[in-house]
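The values are calculated or read from the model by the stated rules, or taken from the named source; none is laboratory data. Small disclaimer: the values here were computed from a predicted structure and weren't measured. Methodologically, a virtual Cβ is constructed for each residue, glycine included, from the backbone with ideal geometry; neighbour enumeration extends over all protein chains shown. These area figures cover heavy atoms from the full protein model, side chains too; ligands, DNA and RNA do not enter into them. Shrake-Rupley method; radii C 1.70, N 1.55, O 1.52, S 1.80 Å.
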Amino acid sequence: MSDAVEIIFRTFTSFILLWVFVQLLGKQTIAQRTYHLYIASITMGTIAGNLAFNIKIKSLHFIIAIIIMGSVVFMLNLLAFRNPRFGKWIAGEPATLIQKGKILEESMERMGYSLDSLKQALRGKDVFNIEEVECAILEINGSLSVLKKEQYQNATKHDLPLLPSAGTVPIELVYDGKILYENLSKHTYDVEWLMAELKKRNLAVFDISYAVVGTKGNLYIALIKDHSRE
């Protein structure tokens, strides 16, 4: 067998073995969600790469190595699934870096996570002020999960305490800082009334995410940068 033909055969073999490896261990292998899967992915890739072009070593040796590595990872996954306590040792566990708005320096030091790294990860979550964070958890796959403080969470229509009675519908007058003049013109409300109501609350139109008139004529407001309700 010529070198070129052998390399072609080895390449197809390595691809098939890696494909079988991923199929058996699941999609979490691709995401490298745990320590042992991260190590296994690198190792398996290295073995498969050498199988494809390193013709100085018998292909059978590489195949045996891939099978052994796949078996080890499969057993570790099985143990982690059946024994959660053992699974924490295998895969690791999430670490809380910020709790109740306070940075946990001991946790940061234990994870080797610097303040600059934390700020960078927060910016990746569209958080540019660390004071806005209520809780931040470093997941076992290295990603950061962030919960903002209540007053910094984005308001939604579901946040408005509107329970319309049968046959009635709340009237939306402001959306995303803009007055909905069409809705005003269809009902008895006008701009002067709306501005007077906002003045009572010391608010401007551009501060408002949603402003809705309830079924009883009450004005409900959700601020763009404030989760509180008026």
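Some points to look at:
- Test result for VAL146, assigned to a strand (DSSP E or B) and in contact (Cβ under 8 Å) with a residue 12 or more places away in the chain: yes
- Residues (among the small types (Gly, Ala, Ser) and modelled with pLDDT under 80) located in the stretch 210-230: GLY214, GLY217, ALA222, SER228
- Residue list for the stretch 134-148, filter: touching a Ser or Thr at 6+ places or on another chain (Cβ under 8 Å) and at pLDDT below 85: GLU139, ILE140, ASN141
- Any hit, the stretch 13-23, residues being hydrophobic (A, V, I, L, M, F, W, C), within 30 Å of SER143 (Cα to Cα), modelled with pLDDT under 80 and open to solvent by less than 50 Å² (accessible area, probe 1.4 Å): yes
- Being part of a strand (DSSP E or B) and either within 25 Å of TYR175 (Cβ to Cβ) or within 13 Å of the chain's Cα centre (by Cα) (or both) is a property that LEU122 lacks.
- Residues within the stretch 136-147 that are within 15 Å of ILE103 (Cβ to Cβ) and out of contact with any Lys or Arg (no Cβ under 7 Å at 6 or more places or on another chain), tallied: 4
- In the stretch 29-45, of all residues being part of a helix (DSSP H, G or I) and open to solvent by 80 Å² or more (accessible area, probe 1.4 Å), the one that is modelled with the lowest pLDDT corresponds to ILE30.
- Note on the stretch 54-111: enclosed helices (runs of 4 or more DSSP H) holding 2 or more residues that are polar (S, T, N, Q) and open to solvent by less than 50 Å² (accessible area, probe 1.4 Å) are 59-82.
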